[in-house]
Every structure is written in C-alpha cells, then in structure tokens.
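The values are calculated or read from the model by the stated rules, or taken from the named source; none is laboratory data. From a predicted model like this one, the values you see are computed outputs, not experimental measurements. So basically every Cβ, Gly included, is an ideal-geometry build from the backbone, and we count neighbours across all protein chains shown. Heads up: the accessible areas ignore ligands, DNA and RNA and are worked out on the full protein's heavy atoms, side chains in. Shrake-Rupley method; radii C 1.70, N 1.55, O 1.52, S 1.80 Å.
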Number of protein chains: 4
Amino acid sequence: MQLGMIGLGRMGASMVRRLLAKGHGCVVHDRQPAVVARLQSDGAEGAASLAELVSKMTRPRAIWLMVPAGAVDQALADLVTHLDAGDIVIDGGNSYYRDDIRRAKDLAAAGLHHVDVGTSGGVAGQARGYCLMIGGEADVVKRLEPVFMALAPGVGAAPRTPGRSGGHASAEQGFLHCGPHGAGHFVKMVHNGIEYGVMAAYAEGLNILRNANVGKGTQTADAETTPLRDPEFYQYEMNLPDITEVWRRGSVIGSWLLDLTAGALLHDPQLGAYGGRVSDSGEGRWTLQAAIDEAVPTHVLSAALYQRFASRGEAGFANQVLSAMRHEFGGHAEKTVDDSK
Amino acid sequence: MQLGMIGLGRMGASMVRRLLAKGHGCVVHDRQPAVVARLQSDGAEGAASLAELVSKMTRPRAIWLMVPAGAVDQALADLVTHLDAGDIVIDGGNSYYRDDIRRAKDLAAAGLHHVDVGTSGGVAGQARGYCLMIGGEADVVKRLEPVFMALAPGVGAAPRTPGRSGGHASAEQGFLHCGPHGAGHFVKMVHNGIEYGVMAAYAEGLNILRNANVGKGTQTADAETTPLRDPEFYQYEMNLPDITEVWRRGSVIGSWLLDLTAGALLHDPQLGAYGGRVSDSGEGRWTLQAAIDEAVPTHVLSAALYQRFASRGEAGFANQVLSAMRHEFGGHAEKTVDDSK
Amino acid sequence: MQLGMIGLGRMGASMVRRLLAKGHGCVVHDRQPAVVARLQSDGAEGAASLAELVSKMTRPRAIWLMVPAGAVDQALADLVTHLDAGDIVIDGGNSYYRDDIRRAKDLAAAGLHHVDVGTSGGVAGQARGYCLMIGGEADVVKRLEPVFMALAPGVGAAPRTPGRSGGHASAEQGFLHCGPHGAGHFVKMVHNGIEYGVMAAYAEGLNILRNANVGKGTQTADAETTPLRDPEFYQYEMNLPDITEVWRRGSVIGSWLLDLTAGALLHDPQLGAYGGRVSDSGEGRWTLQAAIDEAVPTHVLSAALYQRFASRGEAGFANQVLSAMRHEFGGHAEKTVDDSK
Amino acid sequence: MQLGMIGLGRMGASMVRRLLAKGHGCVVHDRQPAVVARLQSDGAEGAASLAELVSKMTRPRAIWLMVPAGAVDQALADLVTHLDAGDIVIDGGNSYYRDDIRRAKDLAAAGLHHVDVGTSGGVAGQARGYCLMIGGEADVVKRLEPVFMALAPGVGAAPRTPGRSGGHASAEQGFLHCGPHGAGHFVKMVHNGIEYGVMAAYAEGLNILRNANVGKGTQTADAETTPLRDPEFYQYEMNLPDITEVWRRGSVIGSWLLDLTAGALLHDPQLGAYGGRVSDSGEGRWTLQAAIDEAVPTHVLSAALYQRFASRGEAGFANQVLSAMRHEFGGHAEKTVDDSK
C-alpha cells in the first residue's frame, strides 16, 4: 500500500524504513532536502514539496504527518489545499486529542478523513515495531490496516495472554482502533502519563540504593539537624549496573524500561553524562488535566510530572518562600552547605 | 547439592519443586504434615520436626527458611539448638534487613552463617525462576551457588544487555551477591518499593481511561460544584483488555506487570471480583524509612504506599476533619451522593 | 452608595446585611421571593425581577452577581438586556478567571464594565468582613471602593505588618485590585488551592495523633503482613480538642482554620456527624491546571485535591487494578478485614 | 519558682528572659561564658558549670535542658551525677519521643523525674509566649505549672473557642499535659509535620501566582515541547506583598505563618536573600515514620518533607536516571537551557 510521509525526523524516517522493508511504497517529504535524499537512497520516493508529494500519490491518498505537535496545524493548512475528497490524513505525532476532534471536523467539511495515531516505540521501533493507538472512523481505519500491520511489532513480540484463543485480535498484532476521533491520542496520552510514573518509580528506588552508604559519612548535629540515628544500617555500596541486571530476570518489576536502564548504568554507572534536567512533553500534562476533569486521584502520575518540573529548577521560588518563613519564625539562616542529612 | 527447606507455603513449596526438577536433594519441613507429604510424593525427603530435618542432612548443612517475616526469630531460635558450627541458615523470606544484621551477628557467635536472600518471582517462579538478591559473607554465598543457579531464571530469560560480553555474570543468571549481611533484603526491599510505584502508575492510568466517558453523565452545578466544562471531550468508552494488550507490544511501558494486568482484565474487564482493599507488607514501608533516613525524595513511592492505606479506609478521620472544617467556615453540609464531578 | 445584589444565598444575603449595616443602599433580587422578602425586612429594597431591580437603580449602576459559577452566563445574558452603557457588573462568585476575560470582552462591546471579585470569608464574613480580591479596569474598581471598604474587614482585623507605615494601603483594609480582568478570580483560585493544602496538612496530622494508640491493638503477622515492630511507642490516647486548643496560642501553626477545627473537635471529638465525603469546587482543580501550564511543581496542592477525590471513592477502580495485579503475580487474595497494620 | 536552664541559645535565652520578667528565679548555664554573663546582667543567676548550677538550686530541683536533640544524652549523663532523688529534668528541645521514653526509664531508676516539653513559638516567643506540649507523670507536671504558666501565652492570646465555658483549661492558657513520657514531644513532632505541610501549601501557591505572567514569554515548540496553549491567560504581574497582605484579613487562609510571609515579601518581594536550600530537622521525618507505622496516609506531609530534600539537590541522581532512560528509548538529549514551558 502506498503511504505519504511528511516529517522525516527520528521517528518519521525510521517508520518509513520499516514500511519499505515490509514492501510498502512511501512518498516522503521533509523541510530538509538532505533527509529526503537519504530516504530516497533507501528506496522511498522523494518529494520536494507538499504539492509534489500529493501529485505523486494515487487517489484516495493516505498521508501520515510525523511533525511536532506545535507544527501540525500549519502543516495541515498547507496540505489540505492540495488534497482531494476521500483522502486520509493521519496524525502520528503527539497531538492533543482535543485538537484531533477539531481537526477531524474541519477536514470532514472538506470531504477529508482524519485519523489520529499515538505511536510508541522510540528509536528502537524500526527494529521492534511500533505500538499504535488509533482513533477515527472505523472504515477508514480498516483501509489503513496494511500500514498498521507493517508498523506494528506483530503477534510474536509477546507471549500470548492466557485466555486469548482463536485468531489474533489486532491488539495482539500491536495496533488498536481505540474509538472515534481523538481516542488514539487519548490512549497514547495516558500511556505517556503512566510512562512518567513508571520511570519515576525506578528512579526514586535507584536513588535510595545509591545512598545506602550514607552512614559512612560524617554525622552532623546542631539546633536544626538531628544526626542519622542508625548509621550502621547504611553502610552498603550498591552496584547499580548489576542490581538492575539481576532484576531483569524473574522479578516482578521486569520491564523494557528496566532493560534500558540496566544498559545505561552498565555503560556509565554514575550517569555522569546527564545533568538531570528532565524535559516533559504535553502528554504528561494533559493526562493530569483529564484526571482532574474526571475527578480521578493521580498522586503518582502528578508527582512524576512535578519532579520533572522541579528538576529544571521550577520549585525555586517556593523554596525561597520556605526559607524566608523559617527565617521569620525561627531566625534560621539558610545553610550554604548541606550537612543536614 | 542438598538443601533443607523450612516453610512450605506457596513460595517454599514451589522453590523445592524447582530444585528437585534441577536435580538437587531437598529435606523439607512444615508445621502442616500434609504439605510435607505432598512434597515427599514429588521427590523431597520429608521431616516431621526441625530435629529430624537437621539429622537427615550432611554437614555442613544449608537450610533455607521460607516463613513469614514475623515468624523468623522463633524459627531461628528453634533451629539453632540443633545445628553445628559451619552450618548455613538462609532467610529467603521478606525480613527487614536490620534483623538480618542482628541475626547474623547472633549466629556468628555460635559459629553459624547467615545469608539473606530477597526472592522475587511470585507464583510464576517455579516455571520462570526466581530473581535472587543475596547478602552475606562472600565465601558462604559462593558455596550456595549451585542452589542459586537452580532457582534463578538463567541467562536465557532476557536478551543480553548491550555492552555485556564474555562469560555471564551471576546477575545475568538471575542471582546477585549484593553485599554484606542485609544487603540482599535491602535490595529486595527497594525492589518492592519500586513495585508499588510501578503498579500504582498503571492503576491510576487505567482509572483515567475507564472514566473517559464521564462527559456522558449528567452535569451538576450548584454553589459547591462546577460542571465539567467540556463534556464533549469525555465521550470515550475505552476497552481496557484490548488497550493493555496492545501496550504489550512495542510500547515503552511494556512489562511483566502489564502482561499480568492484561490477563486479569481479559478475564474480568470490570475486575468485579476485587473490592479494592489493597494490602501492603513491610517492604514498602521500610523503603520509605530508608529514603527518609537518606534524605532521598520519594514522592512516587510514598504516594503508592499511602494509596494502599487509603484503599483500606485509613484516611477516614482525616476526611472527617476536612468535612468538619468545611462546615465550620462555609456552612457546607456533606453531600451524601457524589455529584461533584 | 447604591448596589444591586442578585443571588441571596448564604453569601449574598450576608453581604447585603453587612452593606446595609454600613449605611449602603441595596436593591436585591433572588429567584426565591421568600429570601427577597427576608432581606426587605432587614432594610433592602426588593425586586421581583431583574428588570425591576435595574429600574430601581440610579445610573450608572453597580450590580453584584452572587450566583453559582455554573449559573453566571445565564444570569448575565438575562441581565444585560436591561442595562445601559456605563453600568458595572460585578461577579463576586467562584467563576473561572478565563470566563471573566471572555465576559469582560463581551460586556465591553455593549459599553458595560465587568469586575471580578474573589470573595473569601465564609459564613463568618458578615461579622468579620470579607477578603476581596479584585480584577478589572482601574477606574471602575476605584468607583466601587465604598462598597469594597464596607465589605472588607478593615485595618483593625490584623496587626500591622512590620515595615508598613504611613496611610493604609487597600490590602491592609482587606481588599485589593489585583490586576486586569480575571486577576481577582485568579488570586482567589490560588487562595482556595492553598486552602485545600493547609486543610489537608491539619487533617493528616490529626489522623496521626488519633492513631497514636495503635500499639494497643492486637498485632497480626502472616505472609502478607508484618507486625508493628514497636507497639510500645504507640500507646498514647491523644485528646484532640485540647491539643488543637493549645496550638491556638503561641504555636507556629496557629490559624483561623485551626480555630475552627478546635471548635469542631470540642463539640464532637470523634466528628461522628461527618462521613468524610469531601466535596471540591472548581478552584482547587483550576489551580492545578494553572500550575501545570506554568510548570510549577505543586505536590502538596495536588495531593490535597486528590485526597478529596479519593474520599468520595474515586480511586476505586485503581485499587481494584492493584488487587488484581497482586492476585496475578503473588496469588494474594484480598483481605476482607483489615488487620494489616 | 526557681528553674535551672541549661543551654542559652536563641530559644533558651529568650525563655529565661520571659521567666525573669514574670518574677521567676533562674539559674543558668551554657558552654559559652559570654551568654551566661549576658543573662546574668538581665537578672539570672549564672553558673560556670553543671555542678555549680545544681549547687545553687534548692531541692527538689527543676532543671530545663534547651540543647540540640543530638546533644541531650551527653548533657543528661553529665547532669545526673550531680542530682538528688526527687529532682526533675525537663527536656524542652526537639528530642525524639522514643528517646524520652528511654531516658525517663533510666532517670526513674535513679529516683529522678523526666518531663518532655515540645516548645513552639520561635524567636517571637519571648514576647508572644510559647505553646507548650508536655509529657510525663501527672503530679510532676503539676508541680511545674507555675513555670508553664509563665512561659505560655496565656488566655488572652486567642479568642475563646465557642462552646468552652467556666474556668479556663490549661490548653486555653497555652500549655497542655498531653500524656505519659514522650507524649509532649510526640504532639510537637506532629505539630512540626503539620507546619511543613502548611508552609508548603503557601509556598506552592505563591509560586503559581509569581508565574502568572508566563504567557508573556516566548513559546517554544519542538519534538519534545508543546507550547503553552493559551498564553493569553497568563499575562498577570501579581504583587505578592499586597496579595499576602490582603489575605491576612477575613480570608479562610489567615494564619501566623501568613503574617510572617507578608512581612518577608514586603521587605524583599523577590526573596533574593534566600537561595532556596531548605533545611529540615528530625520532627518532619519522625512524623512520617509514625504515620507509616500507623498506616495513616500522609500524602501532603510527605510531599512537604521531600520538597525540602529536593531543594537541597537530593533528587539529583533520580533525575539523571530519568534523563538516561529518555535518552535510551527516545534518543532525547538533555536540554541545557530550559525552554520547555
């Protein structure tokens, strides 16, 4: 099946390569001619402009956008002037599902179809396949199935869930039509919210292990600090590369994220290459907005997001307020060196 | 290698079966004769008492305790009277690592060796193998390696971490000597703390998905309630069995816990068999104690534990205080039916 | 100064009474004739309809809306048909500040002025005065100053902040022009977010004190439960009415909320009149939305909101997921009676 | 009544001055002769050593220790050699209540009495009086009542709680016998836990207000960042000194901590004198330990403590783990400048 791909960044380019490898034809465009050329040499048909991309495709067309969430509206506006009724636009990036609903309505007015696809898999996706969470009209989604099949990891990527039998559901292939417009990105949004939480759980736990030697340090005691009561219980030098490695086999917390963490720690046990400024994209934030609208308690997912904010210094003024209060009521001066463990 | 096993509950019995299947000899005891008899028919050597178990073993003995954390001290006290210098006692349950340190010292005074083993794997461990986190004297741990090799999942249980090469480290087999006395249970403790956090991340996310249809309900507006501003964005009926299934393939949040969750939801999409009273054992609590002693922020791990407390009604009085305050300052009566979404 | 008041609920009626007592004229309307009649007998001029209210007022009019946030748009739509250019509409309820911005723009197109006033004070406000946080055009706010002066608590309500000197700023009177349209409700929104957090801090602490006798109970130990290690440290029967009373004098945590709590506990130490289902209105939720948009970490304010959700059972499905997971990996059955302390 | 005071730091010296002003005799000692001399000139009787202090007092003696929690055991050991049966030692510092229980038992063996007093009031206490939370034997506490009366703020410090009548309970004076040994410090411990939570609520809220102008900044959009969707709603420049001032009158969140915050912000609206490294002493940590032992959910109090840890950089390694994970699965490089709002 022929697919147009607009946006050939890390994700878009890898997806094209996977599609090509599975025998699909791809017409590709990116603002940077160099990346178009590179994929052309991999077997894709290049296009120097949106008009050219559209003109090289057979109707009804299926065109996949893989651009930053903030760039989708402009890309759509540019694209639709070239399209014909019946064409399908797929937004495979990280758009807010509310935008999908609006865009689908706008496109429908022009006889065009909108499909939203939450895509998980990261840089490993070209080899492993991508997990695809899809929203849109059922028959339109159905027409795109060959593309989804090629991008998805396939049945063999995980052992069959006990209780499933007979033919394999699409979820078992690694793609799922989740519901009407926006449903795909809604599910992907929550997926990323969960991802933040899972990541934070590992990160906090590893931080506890790393500090299991805190009893070896000097203990301070002053009016504001009580010494560690039992330093003899914190005398361990934990080997994090080995600990994350052993957890990969047989333990309850085995996961792909743990696999990756074991790899990162093996390579650099101190993780000295990282300063610890953790970015967040829109999904983690939108997940909380949904939770709040639904009145669903999300202590863990929220904490995971806020830790990222704090890692970038965003708690600074709040902390200054705390220090100011302490000074006001207790005459406490801030410590400049932390010996308050 | 010959191993004694005391405590033949869910975990102990499965471990004996795995050891037998790998060709090791097991002398087993439990307070309940019936379970001893059952394992005898599986090939173990039964013992009606601790004395008998000890007498049936060759010196130096290696005896594994698999009893509740609260029962270890008594079991040890009963056992040591029968042991001889050089014997090894392995605590494979969920003991607090601080108890390990104390017990190891006491046993050492009698010429005995203590080894603490955090064991993860659950009911699936007999087939999958157990992840073993070990603390104790290096040479003693070394002597027990055949047992650990048999219990652990083995190298094939996970793809090799990129960057590892040459002979397989013990962590790649699924067991690890983490450090001196208590180190095994310390690592297992943090492992369980992480487990709580990871579980909570999935649970919160699934709750958001389940309530993605909240816009279909009637919206209430009164002095204390503002209506959902955008009900049109919450019109989805999410299929949780399929969503958890699709996440198993290719997504960033794939994990064994997710595999299990997909299975549970397939079997019972409403999870009606569960009331939602979630137990916690000691590890989650001790993890926080360690974090606090070390001054390590653990927003996520704490929230996960507190949610379990709250699931059992433990926030009740705090909530009554909040209602009383609201009544005092605002004259708010409690709502008896919740229409405050 | 003459003020129109629409909405004579708990807050609206009390505010009218305070204005009357300070010598201002009030024309009042409510959907319920009985409450209009009651205020008439207190000295207000009653109006059976919006038209009548408007007709009884001198131009340019100042009309205060004190209706639920969800009812403001309809009230405004009904009202504006009767107004003349130059009239002022004041929204003193709990509207979302984003609605203020929209409404102010709509009103301006008709030559009308919008003022948003966040009003804090609760049922005690009639006697104590109301804290007023105000948004809108500076000159319009200025014209309403006599009303704000009458409603606000006045300079004497708190000792002067050290460092303030000379004439009293309006903030020292108890009212403040916070900025352009929406600024008043924005500040009130965050005020309520803080309120939730402060309330939760007291509630959690009191719950800890109440359970300081937990060591007197029977300790359970089984495979899933470790007993309380040190029951001898939890043998206290705390007198909460007296403890909250003593904290009112000299302690760092003295506050008006504490005063109210001490009163509630004195009256009913077990708070048996409350079931602990805690409502939340929009401000707490919108506060988090603002925090997330601004990337400001708000662990405490979020936790306080989520506890309210959970108090109403909204964590239920998440908890069922946790129980299902535990059953899947550990074979754990849910406990029906909680003995897991 | 005669009181001995050991430890003349910020708190101890102020308390002596308040006692002297109320007509009590004080015999005082500190390791630093200069501070002893200063109090001598204020009317206290100085002592160059513990032996001298004891010798200058009439039996049965009442001696108050006001030293850091970490220094109490040594101070007690030095002191008791000089005491006689029937003497009372009062620990008015921030000791862990578990230490009180142990020390009371040890002192009792020597015929001595132990009283634990949690003291709140800070640097303002000399003028305002101190809130005293007391644990120990009832008759011994009774004997010390004149001292407690003098130190406490007295009945006039707060309006009477509605429902209280007749003679004033000691709690209304500002001191309370909370229960047996340790009860005073237990209540003070929870008091401080609450204090952390209340402080954090204000700090987070003020941080939201301060960033209400975030829409004025440049919005970034790239693959990892979605721009602020509605910058028009974040255009406010909030005046924090005035906002905290207006909240002091009539609002639900009025408190002494707010009074102090308004003062700090008036003096320095940017709080530029503070770097935001927030110390914590033992009470906040011990409060959580109690909550965990009691299975009481404390989302808010925990978050408040962890924020302090994080303000001192203690989340650093966890954040590095998050960045490493993001790099592993998504190829994300860390941003060096934060434009991810």
**Item:** Shape category assigned to segment A:1-151 from the gyration tensor of Cα positions, a/c cut at 1.5
**Value:** rounded
**Request:** Quickly rank C:125-133, A:189-197, C:167-175 as a protection proxy: mean count of other C-beta atoms within 10 Å, highest first.
**Result:** A:189-197, C:125-133, C:167-175
**Prompt:** Size of the dipole of segment C:1-110 about the Cα centre, Lys and Arg at +1 and Asp and Glu at -1 on the beta carbon, nothing else charged, in debye to 20?
**Reply:** 300
**Message:** Along the charge dipole of chain C, pointing to its positive end and built from +1/-1 on Cβ of Lys, Arg, Asp and Glu, which listed residue (C:Phe317, C:Gly330, C:Phe233) has its Cα farthest out?
**Reply:** C:Phe233
**Message:** Just to check I understand the Karplus step: with θ = phi - 60° and J = 6.51 cos²θ - 1.76 cosθ + 1.60, what whole-Hz values come out for segment C:315-325, glycine and proline as x?
**Reply:** 8, x, 5, 4, 5, 5, 4, 4, 5, 5, 4
**Message:** Just to be sure I understand the model, the point goes 7 Å from the Cα along the line to the Cβ. What's the resulting A:Val155 to A:Gln2 distance in nm?
**Reply:** 3.2
**Fill in**
In nm², the average projected area of the convex hull spanned by the Cα atoms of segment B:152-208 is 5.7
**Complete:** Label points for A:Gly331 built 7 Å along Cα→Cβ; distances to same position in the other copies, nm, shortest first, come to 4.6, 6.0, 6.4
**Message:** Can you compute the helix-only [θ] at 222 nm over the protein assembly as shown? Use -39500 (n - 2.57) per DSSP H run of at least 4 residues, normalise by all residues, nearest 500 deg cm²/dmol.
**Reply:** -14000 deg cm²/dmol
**Cβ charges +1 (Lys, Arg) and -1 (Asp, Glu), total dipole of the protein assembly as shown, debye** = 0
**Fill in**
Here the net charge surrounding C:Asp73, from other residues whose Cβ is less than 12 Å away from its Cβ (Lys, Arg +1; Asp, Glu -1), is -2
**Complete:** Given unit charges at Cβ for Lys, Arg (+) and Asp, Glu (-), the dipole magnitude of segment B:189-330 about its Cα centre in debye, nearest 20, is 120
**Fill in**
Everything considered on the Cα gyration tensor (a ≥ b ≥ c; rounded for a/c under 1.5, else prolate if a/b is larger than b/c, else oblate), the protein assembly as shown must be described as oblate
**Prompt:** Hey, in the GNM for chain C with a 10 angstrom Cα cutoff, which one of C:Ser323, C:Ser311, C:Ser14 fluctuates hardest?
**Reply:** C:Ser323
**Item:** From phi via Karplus (6.51, -1.76, 1.60), per-residue ³J(HN,Hα) for segment B:233-245 in Hz, x at Gly/Pro
**Value:** 8, 10, 10, 9, 9, 8, 8, 5, x, 6, 5, 5, 5
**Message:** Please report the carbon-and-sulfur percent of the accessible area for chain D; probe 1.4 Å, protein heavy atoms only, DNA, RNA and ligands left out.
**Reply:** 52
**Listed residues C:Asp87, C:Asp259, C:Asp99, most fluctuating in chain C (Gaussian network, C-alpha, under 10 Å)** = C:Asp259
**Message:** Let me see the P(r) profile for segment A:249-341: every Cα-Cα distance counted, bins of 10 Å, each bin given as a percent of all pairs.
**Reply:** 12, 24, 33, 24, 7, 0
**Request:** Every other copy gets compared here: list the nm distances from the C:Pro146 label point (7 Å along Cα to Cβ) to its counterparts, shortest first, one decimal.
**Result:** 6.1, 8.0, 10.1
**Asked** In Å and whole numbers, how far do the C-alpha atoms of segment B:189-330 stretch along each principal axis, longest first?
**Response** 47, 42, 28
**Item:** Net charge of neighbours whose Cβ lies under 11 Å from the Cβ of D:Ala171, counting Lys and Arg as +1 and Asp and Glu as -1
**Value:** 0
**Complete:** HN-Hα couplings for segment D:84-95 via Karplus (6.51, -1.76, 1.60; θ = phi - 60°), in whole Hz with x for Gly/Pro, come out as 10, 3, x, 5, 10, 10, 10, 9, x, x, 9, 5
**Prompt:** Share of antiparallel DSSP beta bridges in the protein assembly as shown, in percent to the nearest 5?
**Reply:** 25
**Item:** Area of D:Tyr274 that stays accessible when all protein chains are in place (1.4 Å probe, Å², to 10)
**Value:** 40
**Message:** What number results when the radius of gyration of chain B, computed over Cα atoms, is divided by 2.2 N^0.38 Å?
**Reply:** 1.23
**Complete:** The helix B:10-21 Cα axis meets the longest alpha-carbon principal axis of chain B at an angle in degrees, between 0 and 90 and rounded to 10, of 50
**Item:** Around C:Ala158: net Lys/Arg minus Asp/Glu count, Cβ-Cβ under 15 Å
**Value:** +1
**Asked** Taking Cα centroids, how far is segment C:106-129 from segment C:231-254 in Å?
**Response** 39
**Prompt:** Given B:Asn207, B:Val246, B:His267, which one lies farthest toward the positive end of the charge dipole of segment B:189-330, if we put +1 on the Cβ of every Lys and Arg and -1 on the Cβ of every Asp and Glu?
**Reply:** B:His267
**Asked** Looking at A:Ala138, A:Gly25, A:Leu151, which one has the Cα that reaches farthest to the positive end of the dipole of chain A (charges on Cβ: Lys, Arg +1; Asp, Glu -1)?
**Response** A:Gly25
**Asked** How big is the accessible area of C:Phe186 in square angstrom, nearest 10, if you roll a 1.4 angstrom probe over the protein chains?
**Response** 0
**Prompt:** Which of C:Val252, C:Val198, C:Val296 moves the most in a Gaussian network model of chain C with Cα springs under 10 Å?
**Reply:** C:Val252
**Asked** Could you sort A:Met15, D:Met11 by accessible area so the largest value comes first, with the probe set to 1.4 Å?
**Response** D:Met11, A:Met15
**Whole-number Å³ per residue for the convex hull built on Cα positions in segment B:44-122** = 97
**Message:** For C:Glu237, place a label point 7 Å from Cα along the Cα-to-Cβ direction in every copy; what are the distances to the other copies, in nm, shortest first?
**Reply:** 5.4, 5.6, 6.1
**Message:** Of all beta bridges DSSP finds with both residues in chain B, what is the antiparallel percent, to the nearest 5?
**Reply:** 20
